[in-house]
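Throughout, read-outs are computed from the coordinates displayed, never taken from laboratory work. Just so we're clear, the structure is a prediction, and the values are computed from it rather than from any experiment. Because the Cβ atoms are built from the backbone with ideal geometry, glycine has one as well, and the counts that use them run over all protein chains shown.
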Amino acid sequence: MAEGAAAIVLEAWPPKNSSTSSSQSPIAEVLGFGRSADAFSLVSPEPSGDGAFRCMKAALDDAGIESIEELGHINCHATSTHVGDVIELSAVARLLSSYGKRSANASPIQINSVKGHLGHSLGAAGAIEAVYSALAAQNGVCVANRNLEKPISPDEVIKVLENTGDKEMARKMTENLFENITFEADHEWAKRSKRRLVLTNSFGFGGTNGCLLLSNWVE
């Protein structure tokens with residue numbers, strides 16, 4: 001657990017009223033937003049991860065993303081609860097599969113959760129992680145997962161996905177997932193990509209889900 005706070009200023013750009021606007025260029029741009037509601041349990045995530053999947057997909061659809069190769073980083077809600085983390089990663093597997101195969105030379109999508117660094121600040125977590133995601137996009141730096149001693153295995157993801165469809169499809173989605181993600185920090189992101197997209201997930205008590213798709217600001 002943690003205590004913290006964050007504040008974000010949302011502004012149309014270029015400013016509609018220069019007299020009340022900051023002279024600073026934007027840190028990042030909000031490309032898309034998604035939300036969903038599980039209505040499954042006050043404290044437990046919906047077992048199939050369908051709400052998480054729909055929320056992430058809605059954010060990408062809202063931004064008009066046609067290829068998953070445009071996405072460079074997912075900041076997961078992941079709170080280090082074994083059940084919740086596996087379900088969220090399974091939802092990511094469904095998300096990637098919904099876009100089909102990525103090209104062989106595409107860089108892996110960086111997967112992390114900054115709660116390993118900051119703890120879980122509950123109501124403030126979404127705003128704090130939106131700030132992190134904006135700065136990650138701006139600077140082209142994705143922090144590594146701290147204290148990740150035992151990453152989720154493919155078998156654990158398959159077990160969740162089998163509850164939503166046939167076993168063969170679950171296996172294929174899981175293979176596609178682990179071929180296209182990394183849990184390691186990528187220090188070459190800024191050099192490799194001029195436009196850097198970050199998807200940040202916030203899943204609250206009672207099954208309320210929100211996702212923001214951000215990118216670095218490009219004039």
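Could you tell me the calculated FRET efficiency between Thr208 and Glu11, based on Cβ-Cβ distance and R0 = 25 angstrom, to the nearest 0.05?
Once the sixth-power term is evaluated, E becomes 0.45.
Taking R0 as 41 Å, what FRET efficiency do you get between Glu162 and Ser67 from their Cβ-Cβ distance, rounded to the nearest 0.05?
That pair, Glu162 with Ser67, gives E of 0.90.
Have a look at the DSSP beta bridges in the chain and tell me what percent are antiparallel, nearest 5.
65 percent
Relative to the present Cα-Cα distance, how much length would full extension add between Glu3 and Ser103 at 0.36 nm per residue of separation?
Contour length minus the Cα-Cα distance gives 31.9 nm.
If you average the alpha carbon positions of the stretch 159-219 and of the stretch 53-113, how far apart do those two centres end up, in angstrom?
Result: 2 Å between the Cα centres.
In degrees between 0 and 90, to the nearest 10, how far off the longest principal axis of the chain does helix 82-97 point, with axes built from Cα atoms?
80 degrees
Using DSSP to call loops (not H, G, I, E or B), can you name the GluC sites (Glu not before Pro) in the stretch 41-133 whose Cβ has at most 13 other Cβ atoms within 10 angstrom?
For GluC sites (Glu not before Pro) across the stretch 41-133 that sit outside H, G, I, E and B with at most 13 neighbouring Cβ atoms in 10 Å, the list reads Glu66.
Translational diffusion coefficient, Stokes-Einstein: compute it for the stretch 86-219 using the Kirkwood radius over C-alpha pairs as Rh, at 4 °C and 1.567 mPa s, and state it as an integer in µm² s⁻¹.
Estimated diffusion coefficient is 81 µm²/s.
Just subtract the alpha-carbon distance of Ala185 and Gln24 from 0.36 nm times their residue separation and send over the number in nm, one decimal.
55.1 nm
Which loop-located trypsin sites (Lys or Arg not before Pro) does the stretch 82-181 contain, where loop means any DSSP state but H, G, I, E or B and the Cβ has at most 13 other Cβ atoms within 10 Å?
When the trypsin sites (Lys or Arg not before Pro) of the stretch 82-181 are filtered for loop state and at most 13 Cβ neighbours within 10 Å, Lys101, Arg146 remain.
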